[in-house]
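The values are calculated or read from the model by the stated rules, or taken from the named source; none is laboratory data. Because the structure is a prediction, the values reported are computed rather than measured. Reconstructed Cβ throughout: ideal geometry from the backbone, glycine too, with neighbour counts over all protein chains shown.
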Amino acid sequence: MKSQESDFKKGSVGLVILAVLESSGPMHGYAIAREVERRSADVFKLGEGALYPALRAMESDGLVEAEWQMQPSGPARRVYRITGDGRKRLADQVKTWRSFTSAVESVLAPVSA
Amino acid sequence: MEKTISPVQNGDDIVDRYMLEYRAALDRVPVKIADEFCREARLHIESLVAEAVADGKPASDAAVEAIVQFGDAKAMGEKMRQEWRRKRAFYLSRDESLCLAVAAILFLIPAAISIYSLSAAEHAATAINRPLSAFAPVPVIPFVSVVMGLVFPRTALRNVSIMVLAVLVVDAWILLALGRHLQSGYESRFAEYAGYEFGLDLLFVWICSALRLRHLEKLANISFSHPARSASV
């Protein structure tokens, strides 16, 4: 069961990060991880081991861009913001995700959990 | 060489040691980029520690918890390095660039000798085209490296041994060419060229081994067991 959950999470890390950056605006890595936890009521814990490689991959793919920015309190942080390509990718992924979950829901509907 | 961390160790020390291991795993990433990765990771870990301390946890426990959450330093460094290199198939690290430069010099010296020998009038009649054929294997080194880099992108270009392998391929080629040349009965400086070639290749292989050894020693000196595991004992 754990591994299934882990697979779902792995497949959706990029989607979740893009969604947070799109709706909450530019953020640094730590804030992204906390925001994902907060929105999912701690169900989706975005491990840092997955977060930073995913951010780096998305940056290489031009889906996000990053720059070091001074923070109102504390040292400068690397802040990530979604790009135009990132928004397009997010829209595609959301569409795919919704059609997929809706299809799975339809299959599961007769099953009583 | 296993070192352990005492459970009462200061939180900053634990984070420092974790960062040292993370930095070591990023050793083939350019310094500026690796520093940036480390700075970002450190800020994240410090935020996790601050959060846990604010919740009333002791600093050392908070540090251990934070780095456990961050994940194994070597694995994390490896992932970040792979991501950084994903779109840079032909990137060469400092050691690899050095090896390539040494290889180029080692091949240029016998090439220069061979060209010089060609220019001598007494060899012009017999040696023409023969020594030049010896240059054919030279492009094999970057070629083999690039092909291996494409076939094994995760290991080939970061591994100095690929350069050694390329040199061995070239040597085998030269050996074959030398055998054919000697059978042909022509007199030329080819055998002399091949002699220089083998000598310099041996030197090159030795330099590669020394570099590799130094790298492994460096890793061994800073390697230690995972702080979380040690601290929980």
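For this structure, a couple of remarks:
- Within the range A:72-84, residues that are of a type outside the set (Gly, Ala, Ser) have Cβ atoms under 8 Å from residues that are in a loop (DSSP other than H, G, I, E, B) in these pairs: A:Arg77/A:Gln71; A:Val79/A:Pro26; A:Tyr80/A:Pro26; A:Arg81/A:Gly25; A:Arg81/A:Pro26; A:Ile82/A:Leu63; A:Thr83/A:Gly62; A:Thr83/A:Leu63, counting only partners at least 6 apart in sequence or on another chain.
- Looking only at the range A:37-61, and only at residues there that are under 20 Å from B:Arg81 (Cβ atoms) and outside any helix (DSSP H, G or I), the one that is farthest from the chain's Cα centre (by Cα): A:Asp61
- Annotation note: of A:Leu21, A:Leu90, A:Leu63, the sole residue that is of a type outside the set (Lys, Arg), crowded, with 20+ Cβ neighbours inside 10 Å and touching a Gly at 6+ places or on another chain (Cβ under 6 Å) is A:Leu63.
- Matching residues, the range A:32-43, being surrounded by 20 or more Cβ atoms within 10 Å (Cβ to Cβ) and either more than 9 Å from every other protein chain (Cβ to nearest Cβ) or within 20 Å of B:Ala25 (Cα to Cα) (or both): A:Ile32, A:Val36
- Some residue of the range B:95-105 being modelled with pLDDT under 75, in contact with a helix residue (DSSP H, G or I) (Cβ under 9 Å, 6 or more places away or on another chain) and within 10 Å of another protein chain (Cβ to nearest Cβ): no
- Against the conditions (1) surrounded by 14 or more Cβ atoms within 10 Å (Cβ to Cβ); (2) within 14 Å of another protein chain (Cβ to nearest Cβ); (3) without any contact (Cβ under 8 Å) to a residue 24 or more places away in the chain; (4) more than 20 Å from B:Asp35 (Cα to Cα), A:Leu46 satisfies every one except (3).
- The sole residue among A:Val94, A:Val104, A:Val111, A:Val79 that is in a loop (DSSP other than H, G, I, E, B) and either over 22 Å from A:Met27 (Cβ atoms) or at pLDDT 90 or above (or both) is A:Val111.
- Check on A:Glu22, away from chain B (no Cβ under 13 Å), farther than 24 Å from B:Ala66 by Cβ and either among the charged types (D, E, K, R) or touching a helix residue (DSSP H, G or I) at 6+ places or on another chain (Cβ under 7 Å) (or both): yes
- So A:Arg78, is it under 13 Å from the mean Cα position of the chain (by Cα) and surrounded by 14 or more Cβ atoms within 10 Å (Cβ to Cβ): no
- Looking across the range B:16-42, the residues that are part of a helix (DSSP H, G or I), of a type in the set (D, E, K, R), more than 12 Å from chain A (Cβ to nearest Cβ) and crowded, with 17+ Cβ neighbours inside 10 Å come down to B:Arg17, B:Glu21, B:Arg23.
- First in the range A:17-33 and more than 14 Å from A:Gly84 (Cα to Cα), second anywhere and among the polar types (S, T, N, Q), Cβ under 7 Å, 6 or more apart: A:Tyr30/B:Ser47
- Matching residues, the range B:49-87, being within 11 Å of chain A (Cβ to nearest Cβ) and part of a loop (DSSP other than H, G, I, E, B): B:Gly71, B:Asp72, B:Arg86, B:Lys87
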